[in-house]
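**Student:** My questions all concern the structure below.
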Amino acid sequence: MPRTLRTIRDVGEGAWKGKRVLVRVDCNVATDEDGHPVPGGEQRLQTILPTITFLRDRGARVILLAHLGRPRGTVVDVLRLDDVARRLTSLLGTPVQYVPDLLGPAAQAAVAALEDGEILLLENVRFDPREEAADRAFAQALASLGELFVQEAFSAAHRNHASVALLPRLLPSYAGVLLGREVGVLGGVLEKPARPVVAIVGGAKLETKVALLRNLLPRVDCLLTGGGIANTFLRLTGGSAGTPRADRAAHREALALSTTHRDKLVLPTDVRVARAGDTARALVVRVGAIAPADEVLDLGPQTVVAYCHILASARTCIWNGPLGKFELPAFAEATRAVAQCVRGSETFAVAGGGDTVRALTDMGLLKHFDHVSTGGGAMLAFLEGAPMPGLDPLYGP
Ligand code: ADP
Ligand code: MG
């Protein structure tokens with residue numbers, strides 16, 4: 001029986017008016033290599049607007065708690081949230097106040113001065129080392145700023161951090177609009193999907209996807225492999241030459257899964273390789289004919305046709321992990337072609353994963369998916385069936 005989340009829509013309309021509502025959001029705007037926010041890259045901010053508007057329109061005094069980047073418990077000036085407050089202000093068309101403080105006198109005063117329907121953004125919660133240490137006293141201090149709590153940071157919901165996992169245990173708590181949708185869609189895919197369900201799992205390393213395969217294989221009708229995952233399976237099952245490089249335990253489990261679910265696990269029949277280190281050119285090779293020095297960087301055209309044929313009759317598709325090293329133009333083809341097949345089919349299509357979303361965005365194919373998870377690592381954890389300390393307190397009546 002799927003458990004249901006308590007959401008902000010499950011509370012009486014009048015419950016919010018005049019209440020100080022702490023809302024945990026993810027304000028991770030896109031950053032450059034040094035971790036500095038770059039212009040644009042506001043998708044994450046867009047996704048939290050419905051919840052903020054919902055609360056504002058009902059007269060709540062909205063206090064946003066957010067993280068940005070990985071400051072590791074110290075103040076990092078470029079990760080202050082003043083710029084986020086400005087961007088939110090322009091996206092919402094209502095002022096979002098900001099104080100460069102989380103629990104001190106400036107924050108307390110700003111909270112006390114809030115009027116009904118006003119919005120305040122406090123400083124990056126990860127500037128305080130007690131956030132990631134899940135410190136109880138810190139969580140209690142945060143809780144004392146508000147009367148109700150709304151969880152909207154799905155992307156952090158797998159983390160045992162104070163504002164994510166402890167706060168919802170200290171105040172009456174509800175899931176925000178985005179969080180509700182993420183859990184509804186991903187929970188639906190796991191628990192009661194329209195069948196056939198086809199999973200596509202690619203990406204760089206098998207070790208990082210074994211837990212996902214373990215939880216998905218018993219639930220799906222078919223699992224199409226790509227990327228480094230497929231390469232390792234091919235080597236493990238004797239389909240191609242070379243010694244797999246993943247760790248032994250992950251190998252043993254992957255091999256066991258491939259035996260148990262032999263009829264569901266689909267491996268490529270041809271691939272694209274870089275020969276003699278030439279990554280500018282892709283050479284199509286049958287799986288049995290991969291030379292020892294070939295670098296296998298994408299799926300081949302025959303495999304793409306086979307995968308698209310399977311997807312054509314799918315009613316649900318869940319995709320994590322690029323099918324090839326898409327950052328190299330010569331090896332982006334399978335990811336693009338399979339995404340185009342998903343787009344052309346009737347299937348309810350869900351995609352997620354940091355690099356998967358980046359690849360599909362670059363190719364302009366994201367909009368053809370019915371749901372794109374904002375979760376990244378949190379989506380993986382959810383689909384693995386791993387603990388989600390930020391969600392657990394939100395279930396039930
Ligand atoms: P996600 O972030 O969507 O979960 P992963 O992090 O698992 O995805 O994997 C993404 C990375 O996998 C990309 O950087 C891509 O270049 C790489 N990749 C995909 N296929 C291959 C391959 N055959 N060989 C090497 N790297 C690959
Ligand atoms: Mg990744």
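The values are calculated or read from the model by the stated rules, or taken from the named source; none is laboratory data. These figures come from a predicted structure and were not determined experimentally. We place every Cβ from the backbone using ideal geometry, glycine too, and count neighbours over all the protein chains shown.
**Student:** Has segment 250-271 got any residue that is within 21 Å of ALA334 (Cβ to Cβ) and within 12 Å of ligand 1 (Cβ to nearest atom)?
**Tutor:** Yes, there is a match, as at least one residue in segment 250-271 is within 21 Å of ALA334 (Cβ to Cβ) and within 12 Å of ligand 1 (Cβ to nearest atom).
**Student:** Hey, another quick one. Just to verify a result, which residue in segment 193-208, among those that are more than 14 Å from ligand 1 (Cβ to nearest atom) and of a type outside the set (Gly, Ala, Ser), is nearest to THR316 (Cα to Cα)?
**Tutor:** The extreme case among them is VAL197.
Each row is one residue, and each column tells you yes or no for (1) touching a residue at least 12 places away in the same chain (Cβ under 8 Å); (2) away from ligand 2 (no atom under 13 Å from the Cβ).
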{"position": "VAL350", "(1), (2)": "yes, yes"}
{"position": "ARG358", "(1), (2)": "no, no"}
{"position": "THR374", "(1), (2)": "yes, yes"}
{"position": "ALA378", "(1), (2)": "yes, no"}
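**Student:** Now, a different point. Would you call ALA204 surrounded by fewer than 17 Cβ atoms within 10 Å (Cβ to Cβ) and within 16 Å of ligand 2 (Cβ to nearest atom)?
**Tutor:** yes
**Student:** So, one more: Suppose we filter segment 319-345 for residues that are within 16 Å of ligand 2 (Cβ to nearest atom) and either closer than 22 Å to LEU217 by Cα or β-branched (Val, Ile, Thr) (or both); how many remain?
**Tutor:** The qualifying residues number 7.
**Student:** So, one more: Quickly run through segment 122-149 and pick out the residues that are hydrophobic (A, V, I, L, M, F, W, C), in contact with a helix residue (DSSP H, G or I) (Cβ under 7 Å, 6 or more places away or on another chain) and in contact (Cβ under 8 Å) with a residue 60 or more places away in the chain.
**Tutor:** Matches in segment 122-149: VAL125, LEU142, ALA143, LEU145, PHE149.
**Student:** Surrounded by fewer than 16 Cβ atoms within 10 Å (Cβ to Cβ) and modelled with pLDDT of 95 or more: does that describe GLY117?
**Tutor:** No.
**Student:** Just one of (1) farther than 30 Å from PRO393 by Cα; (2) of a type outside the set (Lys, Arg); (3) part of a helix (DSSP H, G or I) trips up GLU182, so point out which.
**Tutor:** Unmet condition: (1).
**Student:** Going through GLU207, GLU191, GLU152 one at a time, which residue ends up being touching a residue at least 40 places away in the same chain (Cβ under 8 Å), within 23 Å of ILE48 (Cβ to Cβ) and of a type in the set (D, E, K, R)?
**Tutor:** Criteria check complete, one pass: GLU152.
**Student:** Could you tell me whether GLY385 is surrounded by fewer than 24 Cβ atoms within 10 Å (Cβ to Cβ), over 18 Å from LEU216 (Cβ atoms) and away from ligand 1 (no atom under 13 Å from the Cβ)?
**Tutor:** no
**Student:** Now, a different point. Residues that are modelled with pLDDT of 95 or more and more than 24 Å from LYS192 (Cβ to Cβ): list the helices (runs of 4 or more DSSP H) wholly contained in segment 313-397 that include at least 1 such residues.
**Tutor:** Where helices (runs of 4 or more DSSP H) fall fully within segment 313-397 and carry at least 1 residues being modelled with pLDDT of 95 or more and more than 24 Å from LYS192 (Cβ to Cβ), they are 333-344.
**Student:** Here's another thing I want to ask about it. Can you tell me how many residues within segment 296-311 are crowded, with 17+ Cβ neighbours inside 10 Å and free of Cβ contacts under 8 Å to residues at least 40 places away in the same chain?
**Tutor:** Selection size over segment 296-311: 6.
**Student:** Still on this structure: Run ASP298 past the list (1) in contact with a Leu (Cβ under 8 Å, 6 or more places away or on another chain); (2) more than 28 Å from ASP10 (Cα to Cα); (3) within 16 Å of ligand 2 (Cβ to nearest atom); (4) of a type outside the set (Gly, Ala, Ser) and report the number of the one that doesn't hold.
**Tutor:** Unmet for ASP298, out of (1) in contact with a Leu (Cβ under 8 Å, 6 or more places away or on another chain); (2) more than 28 Å from ASP10 (Cα to Cα); (3) within 16 Å of ligand 2 (Cβ to nearest atom); (4) of a type outside the set (Gly, Ala, Ser): (3).
**Student:** Just give me the residues in segment 361-372 being more than 19 Å from GLY188 (Cβ to Cβ), without any contact (Cβ under 8 Å) to a residue 24 or more places away in the chain and within 16 Å of ligand 1 (Cβ to nearest atom), in sequence order.
**Tutor:** Across segment 361-372, the qualifying residues are THR361, LEU366.
**Student:** If you don't mind, another one. Here is a list: VAL84, VAL62. Which entry is under 20 Å from LEU167 (Cβ atoms) and touching an Asp or Glu at 6+ places or on another chain (Cβ under 9 Å)?
**Tutor:** Exactly one residue qualifies, and that residue is VAL62.
**Student:** Condition check: surrounded by 16 or more Cβ atoms within 10 Å (Cβ to Cβ), assigned to a helix (DSSP H, G or I) and within 12 Å of ligand 1 (Cβ to nearest atom). Does LEU190 satisfy that?
**Tutor:** In short, no.
**Student:** Under the condition of being assigned to a loop (DSSP other than H, G, I, E, B) and under 23 Å from the mean Cα position of the chain (by Cα), which residue from segment 49-72 is surrounded by the fewest Cβ atoms within 10 Å (Cβ to Cβ)?
**Tutor:** Out of the qualifying residues, it is ARG72.
**Student:** Take segment 287-336 and flag every residue that is within 16 Å of ligand 1 (Cβ to nearest atom), β-branched (Val, Ile, Thr) and closer than 27 Å to SER373 by Cβ.
**Tutor:** Once the filter is applied, which keeps residues that are within 16 Å of ligand 1 (Cβ to nearest atom), β-branched (Val, Ile, Thr) and closer than 27 Å to SER373 by Cβ, segment 287-336 yields THR303, VAL304, ILE318, THR335.
**Student:** Under the condition of being buried (at least 18 other Cβ atoms within 10 Å of the Cβ) and over 22 Å from GLY300 (Cβ atoms), which residue from segment 337-350 is nearest to ligand 1 (Cβ to nearest atom)?
**Tutor:** So the residue we want is VAL350.
**Student:** Might you check whether a residue that is of a type outside the set (S, T, N, Q) and either touching a residue at least 60 places away in the same chain (Cβ under 8 Å) or on the phi > 0 side of the Ramachandran plot (or both) occurs anywhere in segment 249-259?
**Tutor:** no
**Student:** Working only within segment 209-240, note down all residues that are part of a loop (DSSP other than H, G, I, E, B), more than 15 Å from ligand 1 (Cβ to nearest atom) and closer than 15 Å to ASN320 by Cβ.
**Tutor:** Matches in segment 209-240: LEU217, ARG219, VAL220.
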